[in-house]
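Only the coordinates and a few stated rules stand behind these numbers; no lab work does. As the structure is a computational prediction, the values presented were derived from the model and not from experiment. So basically every Cβ, Gly included, is an ideal-geometry build from the backbone, and we count neighbours across all protein chains shown.
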Amino acid sequence: MLSWILTNEQNAHGAAADTLHAAADSAAHGAAAAHGGEENLFTQLLHHIYDSRTLELPFYHNPDPTVHGLSLPAIHLFGIDLSVTKHVVFLWLAAVLLMVTLTLVARANAKRKVPTGLGNLVEVFVVFVRDEIVLANMGTGGLKYLPYLLTNFFFILVMNLLGLIPYGASATGNISVTAGLAVIAFFMIQIAAIRAQGFGHWLAHLTGGVHWALWPIMVPIEILGLFTKPFALCIRLFANMTGGHIVIVALIGLIFVFQSLAVAPVSVGFALAIYLLELFVAFLQAYIFTMLTSLFMGLGMQTESHGAEHQHGH
Amino acid sequence: MLDINPGLIIWTLVTFALLVLVLGRFAWKPLLQTLQTREQEIADALRKAEEAKKDAERMIQENKATMDKAAAETARLIAEGRAMAEQVKGDIVARANESARKMLEQAKDEIAREKDAAVQQLRGEVADLAVSAAEKILDETLDGARQKKLIDKALQQLPKN
């Protein structure tokens, strides 16, 4: 049942992403067809959202006039393109920011009886993830996965927020990054389930507890169900983070389309509203990704009694 | 936009793994430790405060009971003292009355006895006087005139007595 909902949901997300893709494509096609400066602008502005081999920096101009911004090194290892791109830089920036800030916060909090300032803020989120996400979905048995889920929450949050500062980019607005996070979530969900109920039970659960004659139908569905959950996580985060950026780009682009300053107050006003919405979405999506991962892990951990019921059914 | 870049996935995995290791050791462990210690302390403090409150309430109750008992005891003692005083007073008054009555009776008896003695004595003396008077009269019995005179005299004296 749950798998069915998730599949449906994921279909809806997939559809949304497709529409998005189609819109971007048509914009690109339009630009190619019309060769007009205004149409080109949209595709140019959209490039701001895409990953790139260069990094835009304030007050920096590349000596090579054909290259926009600082060139990043290209790396190829074992036939895989491991080039450092803009999103990799922001991935690292988020990681470094978290390592430095949270280490300092942890030290400061350990010294004081009452946390202040940033320490207090971080603690609010830590307590929230522990009590409202992990304990609520997984019980006390989930506490050993708390470091993973905390890292997940803070990492996604900071990557989301980095896209909202000037010259910044959301690494989570890149489907490869969200796919990477979903791959980790997939393994964590399976590990949690296998550790809680054993490999045998985990395998038995793939049969859905139905009569063996139905296994040829049930087993593929259950295996598909394992993948749809993280797939939905991947698409949801990517689409949410990209969507807001595209709307802002489109709104600002209107000024250049109409080539009138009169449009500017309206465009900027709407863009500001969307920006504030994105600020909220940055927190919301970090929460949703972490909460759903925790929920799926919790479901896998609690199926022991579920499996026993199935055996009674036989 | 939707094309997957395997390199970026690998970078994500590597970065995340590193981040989990570093944060797990230098951030989450001390942060959660601090949190748990503080929560424990708060819970302990609350529990202790609750206990102290209960103790205080119990002591107030005890004090009140002691005070009540003392007040009751005082009241009882006063009442007892008062009752005893009343009784003593009654006794004293009764005894005083009794002794006054006795003294009065004694005085009466005394008076009666004195009176009897006086009457007795008077009787004796009157008899002696009568006898001596009779002797004198007998000594002087000579003439009838004189006798007559004496009888008259006696007769004259009679109504006066």
Averaged over residues of B:14-21, the number of beta carbons from other chains lying within 10 Å of each residue's Cβ is 6
Mean per-residue count of partner chain Cβ within 10 Å for B:43-52 equals 0
Along its principal axes, what span do the Cα atoms of region A:113-183 show, with the longest given first and each in whole Å?
38, 33, 14
Note: probe point = Cα of residue B:97 + 7 Å toward Cβ; backbone nitrogen < 15 Å; residues of region B:61-88 passing the test are B:87-88
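Can you order the peptides A:266-272, A:293-299, A:216-222 by their average number of other Cβ atoms within 10 Å per residue, highest first?
Numbers: A:266-272: 14.9, A:293-299: 23.9, A:216-222: 13.3.
With the highest mean Cβ count within 10 Å placed first, the list reads A:293-299, A:266-272, A:216-222.
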For region B:7-115: Kirkwood Rh in Å [reciprocal of mean 1/r, alpha carbons]:
23.7 Å
Give me log10 I(q)/I(0) at q = 0.08, 0.10, 0.13, 0.19 Å⁻¹ for region A:87-300, Debye formula, one equal scatterer per alpha-carbon, no solvent.
-0.38, -0.56, -0.84, -1.33
Inverse mean reciprocal Cα-Cα distance (Kirkwood Rh) of region A:136-232, Å
15.8 Å
If you plug each phi of region A:76-85 into the Karplus form 6.51 cos²θ - 1.76 cosθ + 1.60 with θ = phi - 60°, what whole-Hz ³J(HN,Hα) values come out, in order, with x for Gly and Pro?
10, 10, 6, x, 10, 7, 9, 4, 7, 10
Quick check: the distance between the Cα centres of region A:119-141 and region A:206-285, to the nearest angstrom?
25 Å
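Per residue of A:177-185, what is the mean number of Cβ atoms on other protein chains within 10 angstrom of that residue's Cβ?
Working: counts 7, 2, 7, 12, 4, 2, 4, 5, 0.
If you average over the peptide's residues, the count of other-chain Cβ atoms is 5.
Taking a quarter of the surface of the convex hull around the Cα atoms of the protein assembly as shown, what do you get in nm²? Provide the component values of the computation, followed by the final result.
Working: hull surface 253.5 nm².
Directional mean of the projected Cα hull area for the protein assembly as shown stands at 63.4 nm².
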Point-to-point label distance, residue B:43-residue B:62, nm (Cα→Cβ direction, 7 Å offset):
3.0 nm
If each residue's Cβ is checked for other Cβ atoms within 10 Å, how do B:126, A:177, B:22 rank with the fewest at the top?
B:126, B:22, A:177
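Based only on Cα atoms, what Rg/Rh ratio does region A:80-156 have, Rh being taken as Kirkwood's radius?
Details: Rg = 15.2 Å, Rh = 14.1 Å.
Using Cα coordinates only, the ratio equals 1.07.
Figure the gain on full extension for residue B:25 and residue B:106 (residue separation times 0.36 nm, minus the Cα-Cα span) and round it to one decimal in nm.
Details: separation 81, 0.36 × 81 = 29.16 nm, distance 11.82 nm.
Here the segment from residue B:25 to residue B:106 would lengthen by 17.3 nm.
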Straight-line reach from residue B:136: which lysines have Cα under 20 Å away, leaving out those fewer than 8 places along the same chain?
B:148, B:149, B:153
Ratio for region A:173-314, C-alpha Rg to 2.2 N^0.38 Å, reads 1.53
Over region A:219-298 - Rg/Rh using Cα atoms and the Kirkwood inverse-distance radius
1.23
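Listed here are the pairs A:113/B:48; A:229/B:29; A:111/A:144; which of them are more than 27 Å apart at the Cα?
Details: A:113/B:48 18 Å; A:229/B:29 29 Å; A:111/A:144 25 Å.
Over 27 Å apart, Cα to Cα: A:229/B:29.
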Whole number please: convex hull volume per residue, Cα atoms of region B:65-145, in Å³.
58 Å³
Each label sits 7 Å from Cα toward the beta-carbon; between residue B:36 and residue A:284 the label points are separated, in nm, by 3.5 nm
